[in-house]
Amino acid sequence: MASYEQYLQRQENINSIVSCLRLLGDMTRRELCDRLKLSWGCVSELSSLLIHSEMLLEKKSNGGDRGRTPLLLTLNPKKRVLGTDINTMGISCCLCDMYGKVIKEQRFDTDFSDKSGLLKSTTGAVLETLGSDLAECVGIGIAMQGICSDGHLWNFPTEGGSFAVATSELEGLFQIPTVVEHDPNCILLGVTDKNENETTVMVRLDNSIGMAVYANNGFLKPGDMELAHIVVKENGRKCSCGHYGCLQTVSSISGITEASGQPFDKLAASAQT
């Protein structure tokens, strides 16, 4: 039986093949081997798996004067991937083809007062965005707000406190492979080029304070460094996490709005003048 480390390596190799074809265009299996420094057996096995799932297609190359014409691997232009962002301000969905071209974007105002509301709203938003493309969707990525220390249970903030929702509950909403990741990590992935020899830190300020740290070829796990919930003011206002005086209560949009009693947009406009 393959170990968990072998499973992760297999997934990483699949990601590398798909990313290589998306960024550099159609390639033969041998070209993928040379480009990715993978063995012929690995590329052959994984490409066959991707062809079987219809994520990849084969087509004849124009080259090759002698012998058999080499076959090129290409991404299936009919397949779709969906990115979904879940946060206290609502749900945003972005439907793309396999090359990353945006096909449809939609935003939904939702009521996240409890877990059932979140799951119901997420289901409705995803299905409405996919529409007739539902059968062609090969994967869903969910950027999730909240505190998650173990990767399995998210503590989602609300105005009245918070509630817990499991990763498995989100992944089980659809019969489509689904990955749930902390939303700051998703932002960092989208705006930077990862380098395993560098450490990259991103801080995002909105209704809360999000933070992502990429180091040693991986992300710091959500919950290992929750900047928003560091207590900075003893006996301060109550935070959504249940503690008092967290940084979020004094430096986030929601915290500043609550402390001032004025809309943040009005405060920002005053600060600019």
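Where a number appears in this text, it was derived from the coordinates with a stated rule and is not lab data. Here the structure is a predicted model, which means the values were calculated and not measured. Here Cβ is always computed from backbone atoms with ideal geometry, including for glycine, and neighbour counts include all displayed protein chains.
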Those residues of the range 91-125 whose amide nitrogen sits under 18 Å from the label point placed on residue 169, 7 Å along Cα→Cβ: 91, 110-125
Restricting things to Cα coordinates, could you compute the convex hull volume per residue of the chain in Å³? 178 Å³
Are there any trypsin sites (Lys or Arg not before Pro) in the range 85-191 that are in a DSSP loop and have at most 13 other Cβ atoms within 10 Å? List them by number. 101
For the range 33-116, listing chymotrypsin sites (Phe, Trp or Tyr not before Pro) in a DSSP loop whose Cβ sees at most 15 other Cβ atoms within 10 Å gives 99
Compute the Cα gyration tensor for the range 53-160, then decide on rounded, prolate or oblate, letting a ≥ b ≥ c be the square roots of its eigenvalues: rounded whenever a/c is under 1.5, prolate when a/b is larger than b/c in the other cases, and oblate in all that remain. prolate
Could you identify which residue out of 71, 130, 119 has the top mean-square fluctuation in a GNM of the chain using Cα springs shorter than 10 Å? 71
Violations at 25 Å Cα threshold for listed pairs 59/104; 115/238; 120/266; 59/79 -> 59/104; 120/266
If exposed means GluC sites (Glu not before Pro) lying in a DSSP loop and surrounded by at most 12 other beta carbons within 10 Å, then the longest stretch of the chain lacking such sites spans residues 55-158
Which distance in nm do the two modelled labels at residue 111 and residue 206 give, with both placed 7 Å along the Cα-to-Cβ direction? 2.2 nm
Could you name the aspartates and glutamates in cross-link range of residue 78, using Cα to Cα under 16 Å and dropping any fewer than eight places away on the same chain? 26, 54, 58, 97, 133, 136
What is the extension gain from residue 23 to residue 237, computed as 0.36 nm multiplied by their sequence separation minus the C-alpha to C-alpha distance, in nm to one decimal? 72.2 nm
What residue among 157, 216, 230 has its Cα farthest toward the positive end of the dipole of the chain, where the charges are +1 on Lys, Arg and -1 on Asp, Glu, each on the Cβ? 216
Pop the C-beta distance of residue 103 and residue 14 into the FRET formula with R0 = 30 Å and round what comes out to the nearest 0.05. 0.85
